[in-house]
Amino acid sequence: MNKASPNQLTEHFFRHNHAKIVAILVRYFGLKEVEIAEDIVQDTLIEALEKWSVRSIPDNPEGWLMDVAKKKTINFLKRHQNFQSKIAPNLIGKSLSSTGSSVEKDSTLRMIFTCCHPTLPKESQISLALKTLCGFTVSEIANALLTNESTINKRLYRAKQKFRDGTIAYQIPKDGALQKRLEGVFYTLYLLFNEGYYSSHSEKIIRMDLCFESIRLLEEVIASFPNSQQAKALLALMYFCVARFESRMDEKGAIVILAAQNRKLWSKELIAKGMNQLLQSTKSNEVSSYHLQAGIAAEHCLADSFESTNWESIYQQYVILEKLNPSIIITFNKIIAKFYGINREEALSDLLALKNEPELQHNVHYFTSIGLFYTQLQHHEKAVPFFETALRISKIPAEKALIRRKLQN
């Protein structure tokens, strides 16, 4: 890994602590003032960027960020006349200087579940959680949810309006309401992980940080709700993916496709942790999309080579996943497995049949897959236009470099 710059490390520590700091400030300000909490946290990052770029990064960066956020909070409260009438009642019996680990954990969980309140539309839940808990910018959220910034801003405004009018409580749900809220939590963390693992950003440390942040938050949820089998399956999926992380890019920062990855670089420890979580998740009869995705990832991790991968098993799991959670992306991945495990010519035909699907019109992987299929079937001239299309729509330098190499072969 290349040596990280102070700005990258600042972003790393900020991203890792964003959820905790916002959640603790909301605990004292009250949910109605969540935007004030977000502004203070953003100001804290700006101060960190300014000071850490000139001085050395402090020995305890997480503590530094929390201390600065607390000081900014106290200064804000002193400056505003509405403190006594609007905010002071929420501070009775509380002290910003006595925040402990139990308060931090409880505050973070409260914020997670508040963002995923069932009265909010699903898309608003996810947008709000990614913004408030994970420190995503509006553009990052738009990219993760395949929409535009204007739409995200509207979702965030409407969701926070419910905070302001007091219709949503800042609490962890109980009994029957808990399961419904957990599903929103899992999907949000799943999206967070995907944005890290398939990020549009080129900075490796940022991408890794998002993955590990989603794992950290999910582990917190599991610690409080250990009987959730979906959570364990999702955690297994994350472990399997992160286990392969170091092999995905070479020393020059170029992307390495799965077939060419050095499996000796895969983390046996993380694969073992993934298998443990996957086995625990099967103790009930519940089968979720996370179980199936984790099962597919496990097949890749357990194979000694790309050629020896149990592609037929992967294909069958995608068939079930497609029925459980219909999606053009799942269909696309099912066809990939079909190519390597069932019938190559038929799989290529199936892939070409998806050419008019709107979700695939700007999907780089779709066009590169067709190019690769043609190449492996020795139809090199037919592969060229698909690689060229992929090159044209790609926005990631490392991805473009990979496509160019395919065109030159």
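Rule-based calculations on the coordinates, nothing more; no lab input. What you are looking at is a predicted structure, and each value in this text was computed from that prediction instead of being measured. Quick reminder, even Gly has a Cβ in these numbers, built from the backbone with ideal geometry, and neighbours come from all protein chains shown.
Details
- Stretchable slack from ASP67 to PHE306, in nm (0.36 nm times residue separation minus alpha-carbon distance): 81.1 nm
- Charge sum, other residues only, whose C-beta stays under 15 Å from GLN316's C-beta, Lys/Arg counted +1 and Asp/Glu -1: 0
- Multiplying the residue separation of GLU47 and GLU357 by 0.36 nm and removing their Cα-Cα distance gives an extension gain of 107.0 nm.
- Choice from ALA169, ALA23, ALA177 with maximal GNM fluctuation in the chain (Cα, 10 Å cutoff): ALA177
- Alpha carbon centroid spacing (whole Å) that separates the range 348-380 from the range 234-299: 25 Å
- Candidates LEU189, LEU146, LEU65, ranked by Gaussian network fluctuation over the chain, Cα under 10 Å, top entry: LEU146
- Sorted by Cβ neighbour density within 10 Å, fewest at the top, the residues VAL54, VAL287: VAL54, VAL287
- Residue-span extension gain [ILE328 to ASP250] - 0.36 nm each, minus C-alpha spacing: 25.0 nm
- Cβ-based exposure ranking for LYS71, LYS78, in which fewest neighbours within 10 Å come first: LYS78, LYS71
- GNM top mover of ASP59, ASP304, ASP39 - the chain, alpha-carbon springs below 10 Å: ASP59
- Residues of type lysines that LYS252 reaches as a straight line, Cα spacing below 23 Å, ignoring anything fewer than 8 places off in the same chain: LYS3, LYS204, LYS264, LYS395, LYS400, LYS406
- Packing-based exposure ordering (other Cβ within 10 Å, fewest first) of GLU359, GLU307: GLU307, GLU359
- Calculated SAXS-style log₁₀ I(q)/I(0) at q = 0.12 Å⁻¹ - the chain, Debye, Cα scatterers: -1.05
- Estimated distance in nm for a label pair at ALA401 and LYS180, the labels positioned 7 Å out from Cα along Cα-to-Cβ: 4.9 nm
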